Amino acid sequence: MGRYGKDGVNTWDYSAKRATESVQESMERLGIDYIDLINVHDIEFQANMEGGLQKVVDETLPALVELKKKGLVGHVGITDLQLENLKWVVEHSEEGTVESILNFCHYCLNDDKLTDFMDFFESRGIGIINASPLSMGLLSQRGVPDWHPAPQPLVEACAKAAQHCAQKGYPIEKLAIQYSVSNPRIAGTLFSSANPDNVKRNIQWANEEPDWELVKEVQDIIGDQKRVSWANS
């Protein structure tokens, strides 16, 4: 909850009232009366709105905790591209409020910044969920979509890495999936696909050990673009 879209237009609302409504709407759409984990999504947008991240601490999270007390929600988490925002909200919330964090594009072949924050989250008993092992399409043979916000030097470096993997007969998508699920400190890694065959293939890849020599070669190609990130959009 927090980010909503209709007809290609995104809106954001992190108020307690909208948080409660969103959970109820989700349960209605899904045909369920209980949600295992509800996430406050993309909190960096609230960081740039009136009230800043403090509103997530003071309004959004307490509303979800209240639903948890009522037995409608099992666990409460927060998601963001910016790891610093996730850490800030955890630090300023009552202990135990945030039970998981979901971060994307920061544990993949071109960016492992998530490792810098693992000790902190683990010290608070917070589960770590990784997402977007392909870095929103950067690590793919077909290349990034037009909307991708990555800076051009990073796009070009990843394209070279993808070409290198293709020459080795080892799709970069395969290596990226394998690398992203290789860290036992990460509870789970999320990927998206509308193609059932791709889902089955990715699961197969995820159960195989990556070629670590090729991982090093790819990261050497990415070079000084490693850990280069971007603002969410």
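The values are calculated or read from the model by the stated rules, or taken from the named source; none is laboratory data. The shown structure was predicted, so the numbers you read here are calculated from the model rather than taken from an experiment. Because the Cβ atoms are built from the backbone with ideal geometry, glycine has one as well, and the counts that use them run over all protein chains shown. Calculation scope for accessible area: heavy atoms of the full protein, side chains included, ligands and nucleic acids excluded. Shrake-Rupley method; radii C 1.70, N 1.55, O 1.52, S 1.80 Å.
Quickly run through region 83-98 and pick out the residues that are closer than 16 Å to residue 63 by Cα and loosely packed, with under 12 Cβ neighbours inside 10 Å. The answer is 94, 95, 96. Within region 133-147, the residues that satisfy the criterion of being closer than 19 Å to residue 107 by Cβ and open to solvent by 20 Å² or more (accessible area, probe 1.4 Å) are 134, 136, 144.
Of the listed requirements (1) open to solvent by 30 Å² or more (accessible area, probe 1.4 Å); (2) at pLDDT 95 or above; (3) touching a His at 6+ places or on another chain (Cβ under 9 Å), residue 130 misses just one: (1).
Taken together, 221, 203 contain a single residue that is open to solvent by 20 Å² or more (accessible area, probe 1.4 Å), closer than 26 Å to residue 101 by Cβ and in a helix (DSSP H, G or I), which is 203. In the set (1) farther than 18 Å from residue 231 by Cβ; (2) part of a helix (DSSP H, G or I); (3) of a type in the set (A, V, I, L, M, F, W, C); (4) open to solvent by 10 Å² or more (accessible area, probe 1.4 Å), residue 53 fails one condition alone, (1).
Could you tell me which residue of region 56-75 is surrounded by the most Cβ atoms within 10 Å (Cβ to Cβ), considering only residues that are of a type outside the set (S, T, N, Q), under 11 Å from residue 19 (Cβ atoms) and in contact with a strand residue (DSSP E or B) (Cβ under 8 Å, 6 or more places away or on another chain)? Among residues in region 56-75 that are of a type outside the set (S, T, N, Q), under 11 Å from residue 19 (Cβ atoms) and in contact with a strand residue (DSSP E or B) (Cβ under 8 Å, 6 or more places away or on another chain), the one surrounded by the most Cβ atoms within 10 Å (Cβ to Cβ) is 64. Could you please let me know if residue 213 is open to solvent by 30 Å² or more (accessible area, probe 1.4 Å), more than 30 Å from residue 48 (Cα to Cα) and not in a helix (DSSP H, G or I)? No; evaluated as a whole, the condition is false for this residue. Among the candidates 159, 187, the residue that is open to solvent by 50 Å² or more (accessible area, probe 1.4 Å) and over 21 Å from the mean Cα position of the chain (by Cα) is uniquely 159. Residue 64 satisfies every condition listed in (1) of a type in the set (A, V, I, L, M); (2) in a helix (DSSP H, G or I); (3) more than 23 Å from residue 187 (Cα to Cα) except (3).
Residue check: is residue 14 within 24 Å of residue 190 (Cα to Cα), of a type in the set (Ser, Thr, Tyr) and over 20 Å from the mean Cα position of the chain (by Cα)? No; evaluated as a whole, the condition is false for this residue.
Among the residues of region 103-120, is any at positive phi, open to solvent by 50 Å² or more (accessible area, probe 1.4 Å) and not aromatic (Phe, Trp, Tyr)? So far as region 103-120 goes, no, none of its residues is at positive phi, open to solvent by 50 Å² or more (accessible area, probe 1.4 Å) and not aromatic (Phe, Trp, Tyr).
Looking across region 7-48, the residues that are open to solvent by less than 70 Å² (accessible area, probe 1.4 Å) and of a type in the set (Asp, Glu) come down to 13, 21, 25, 42, 44.
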